[in-house]
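Throughout, read-outs are computed from the coordinates displayed, never taken from laboratory work. Given the structure is predicted, the values throughout are model-derived calculations rather than measurements. Here Cβ is always computed from backbone atoms with ideal geometry, including for glycine, and neighbour counts include all displayed protein chains.
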Amino acid sequence: MNPFDLLKNPQAITAELNKIKDELSNITATGSSGGNMVQVTLNGSMQMVEIKLDPLCVDNRDVPMLQDLIVAAHHAAMEKIQEEIRNKLGPMAAGLNLPGLGF
């Protein structure tokens, strides 16, 4: 797909963006930390849809460690989503400057 062809036809841009939006809504990725003690799943909109905690990591005496593990798992999931988006959109992703996706 030539991006310049899309610019000549606004309806094609809208259709392509809707197609991309649908594809992104079907993407999910799970990031983990602490040897899979914490797992975070995000969708293509970068929304957290699931979190799994191994009961072993839930220790009220070490809440900061659990917080760090959650942040690390979320970051890992975000990187996977961004990579999946780059793979799906290909070179078009670089030119779109999609906010929040790190392009």
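Please give the length that would be gained between Lys19 and Glu50 if that part of the chain were fully extended, namely 0.36 nm times their separation in residues minus their C-alpha to C-alpha distance (nm, one decimal).
8.7 nm
Label sites at Ala12 and Asp68, each approximated as a point 7 angstrom past Cα along Cα to Cβ, lie 5.2 nm apart.
Rg/Rh, computed from the Cα trace of the stretch 23-96 with Rh as the Kirkwood radius, has the value 1.10.
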